[in-house]
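The values are calculated or read from the model by the stated rules, or taken from the named source; none is laboratory data. Predicted model only: the values in this text are computed from it and were never measured. Neighbour counts are summed over all protein chains in view; Cβ atoms, including those assigned to glycine, are modelled from backbone coordinates with ideal geometry. We work out accessible area using only protein heavy atoms, side chains counted, and drop any ligands, DNA or RNA first. Shrake-Rupley method; radii C 1.70, N 1.55, O 1.52, S 1.80 Å.
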Amino acid sequence: IKAAVNGTPLSAAGVVPSSVWVRDNNRRGPFDLTLELPGLETSLSGTVDTSEKVASIAGDLSAKSGSVTKLLASLGLESAVEGTATLTWQSSGPIDRFDITGLTFDFNGDDGDVINVQGTVSEVFQGSIFDLDFTSKLAQPEVASGSSLAINLKEISGRVSGPVEALSIDRTIVTTNAVLLEFDEIGPISVGRIIKGDGNRIGLKD
């Protein structure tokens with residue numbers, strides 16, 4: 001398959017060997033797909049079952065971006081950060097509402113920021129229910145502030161869960177390197193819902 005996203009070339013290729021289906025006389029067989037987009041290489045392999053009205057899949061996804069800026073530009077988006085990212089997961093279930101397990105996302109920014117997300121997403125395409133743990137280790141400024149009251153954030157960790165229209169943030173811990181105030185952690189913090197406000201701004205409620 002050759003296509004374009006916002007004018008950016010996209011190609012996909014794969015194999016679903018029909019010989020396996022004929023030999024086993026069933027509607028279940030392997031597949032192996034690759035997707036290439038500037039800034040992103042993705043592979044998806046597993047099995048597909050078409051014995052039911054809605055096909056089911058079971059497989060593994062692996063995606064790697066050598067340049068997040070290039071990837072977002074391919075999708076017509078601007079990025080204020082640059083770095084590399086990897087994403088892996090296992091999926092299973094009907095293709096209109098499959099579940100994702102073992103999700104692991106790692107981002108390494110060129111400025112030293114490191115983000116790790118792990119968890120599950122249930123019923124993808126049917127509202128999506130998230131259960132994700134995250135840790136963000138932030139690069140420290142090269143030049144420390146002259147104020148002894150200054151607080152630099154070192155790490156933010158927590159959990160994001162719930163349906164996509166009513167996500168909540170739980171157990172969030174903010175780790176600092178405050179010197180004079182002598183507090184290392186702020187939290188745990190909980191947010192009842194993440195909401196979308198006027199002007200497409202993201203807000204926190206409760």
Taking R0 as 30 Å and r as the Cβ-Cβ distance between residue 34 and residue 129, the FRET efficiency 1/(1 + (r/R0)^6), rounded to the nearest 0.05, comes to 0.55
Leaving ligands, DNA and RNA out of it, report the carbon-plus-sulfur percent of the accessible area of region 62-102 at a 1.4 Å probe. 60 percent
What does the charge add up to near residue 124, with Lys and Arg as +1, Asp and Glu as -1, over the other residues with Cβ less than 11 Å from its Cβ? -2
Check residue 55: other-chain or 5+ apart residues with amide H under 5 Å from its amide H, H built from backbone geometry? 95
Could you give each residue of region 110-127 its phi-based ³J(HN,Hα) in whole Hz, using Karplus coefficients 6.51, -1.76, 1.60 with θ = phi - 60°, and x for Gly or Pro? 5, 8, x, 5, 10, 10, 10, 10, 9, x, 9, 9, 9, 6, 4, 6, 10, x
Residue-count net charge about residue 66 - beta-carbon cut-off 14 Å; Lys, Arg +1, Asp, Glu -1: -3
Residue 113 to residue 164: extension gain in nm, 0.36 nm per residue of separation minus the Cα-Cα distance? 15.8 nm
With each pseudo-label sitting 7 Å past Cα toward Cβ, what's the residue 57-residue 193 distance in nm, one decimal? 3.2 nm
